1. Residues Thr130, Thr121, Thr71: which one is of a type in the set (S, T, N, Q), under 25 Å from Val250 (Cα atoms) and buried (at least 18 other Cβ atoms within 10 Å of the Cβ)?
2. May I ask you to verify whether Arg234 is charged (D, E, K, R), touching a helix residue (DSSP H, G or I) at 6+ places or on another chain (Cβ under 9 Å), under 21 Å from Glu122 (Cβ atoms) and outside any loop (DSSP other than H, G, I, E, B)?
3. Assuming Glu122 fulfils every condition listed in (1) under 30 Å from Leu215 (Cα atoms); (2) touching a Lys or Arg at 6+ places or on another chain (Cβ under 7 Å); (3) not basic (Lys, Arg) apart from one, which condition is it?
4. Got at least one residue in segment 172-182 being crowded, with 16+ Cβ neighbours inside 10 Å and under 23 Å from Gln129 (Cβ atoms)?
5. Among the numbered criteria (1) farther than 28 Å from Arg286 by Cα; (2) of a type in the set (Gly, Ala, Ser); (3) surrounded by fewer than 18 Cβ atoms within 10 Å (Cβ to Cβ), which one does Gly66 miss?
6. Limited to segment 95-108, what total is found for residues that are of a type in the set (S, T, N, Q) and not in a helix (DSSP H, G or I)?
7. Which of the residues belonging to segment 234-290 are on the phi > 0 side of the Ramachandran plot and modelled with pLDDT of 85 or more?
8. All but one of (1) in contact with a Gly (Cβ under 7 Å, 6 or more places away or on another chain); (2) surrounded by fewer than 20 Cβ atoms within 10 Å (Cβ to Cβ) hold for Arg141, so report the exception by its number.
Amino acid sequence: MDNWLPDFSAEVQRLLGYSPTTAGAYNGDIRRFWQYLRQKYGEAIPPERLGPQDVLDFLQAEAQKGRRRATLQRRIAALRVLERCLLLKKRIDKPFLPSEEQIVPVLQQGRPSRVSACLQTEHLQRLWQTLLASSKRQAVRDLALIALLTELGLSLSTLLDLQVYQVDEESRSLWLPQISGMDTPWELQASWQPLLRYVKQGRQDLGPRPGETHLFISQQGRPLSRQTVWHTLRTWGQAAGLELTLTPRVLRHTAAYRMLSQGLPATTIGKVMGHSNPLSTSLLIRRLKEHCAGVPPAEIPLLPE
């Protein structure tokens, strides 16, 4: 893969601002593509020889191996990132990805993605009641975290990278990072009071270490980890007696269904959820319409001002 970009992960972080975790995942997808083409052509081809048919053939081969549609979507997202980097580095002079109309039929050949579960209003009410009644120090933090995920559907990496200064009390907004590198304010609704309550009280109760600027911190005063969030959500879901396992995915899908029901366009939903590939948003909306249709979107409980 060195004949394309010598250090793909580093270039993705430097040129496009992706996190090391995301860059590493994309690096694995690109390496699969590179290995497939090397087997197909019998040699390592230069990037200027890449074309739409190469991508379609690769996705077809991945589908035949039994990959899920969500996995194929991630492969496409990685290839979009590769294309952007190669164009920025002037290694290629034109895009090589096929059109969305060409990609969708191949995606449908993949194994169906897991059911897109959405929480209902009663689920959120039970969660809020459980968290508000708890005497645990982290309950104030976790309510703010769950409320943000339910309203905005943020990716876990975005959530964990949030800094205290990104909370704008004057406009009741959260400044969210964009792929361009600029932060954009997003006015909060039902999640504002849980977040403000955490910023004003809950975060200090957790004892942040000197100089710690991350918004969400652990009981040791350090930035939260992904594992802690997964464990925390599962624990609160069980405490509230939810019938399904509470995960970041479930909360993100609940948020996407709420935004869809509010009439927000797919581009806006994808932007706030951090999708780099428009196909990810389109296919998520299709799954939500299939699995959540007919169920009223969940209403997030309001805390008093």
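The values are calculated or read from the model by the stated rules, or taken from the named source; none is laboratory data. Since the model is a prediction, treat every value here as computed from it, not as a measurement. Cβ: placed from backbone, ideal geometry, glycine included. Neighbour counts: every protein chain shown.
1. Numbers: Thr121 fails: buried (at least 18 other Cβ atoms within 10 Å of the Cβ); Thr71 fails: buried (at least 18 other Cβ atoms within 10 Å of the Cβ).
None of the other options fit; the residue is Thr130.
2. No: the conditions fail for Arg234.
3. If we test Glu122 against (1) under 30 Å from Leu215 (Cα atoms); (2) touching a Lys or Arg at 6+ places or on another chain (Cβ under 7 Å); (3) not basic (Lys, Arg), just (2) comes out false.
4. Within segment 172-182, not a single residue is crowded, with 16+ Cβ neighbours inside 10 Å and under 23 Å from Gln129 (Cβ atoms).
5. Going through (1) farther than 28 Å from Arg286 by Cα; (2) of a type in the set (Gly, Ala, Ser); (3) surrounded by fewer than 18 Cβ atoms within 10 Å (Cβ to Cβ) one by one, Gly66 breaks only (1).
6. The total comes to 2.
7. Taking segment 234-290 first, the residues on the phi > 0 side of the Ramachandran plot are 241, 263, 274.
Within segment 234-290, Gly241, Gly263 qualify.
8. (2)
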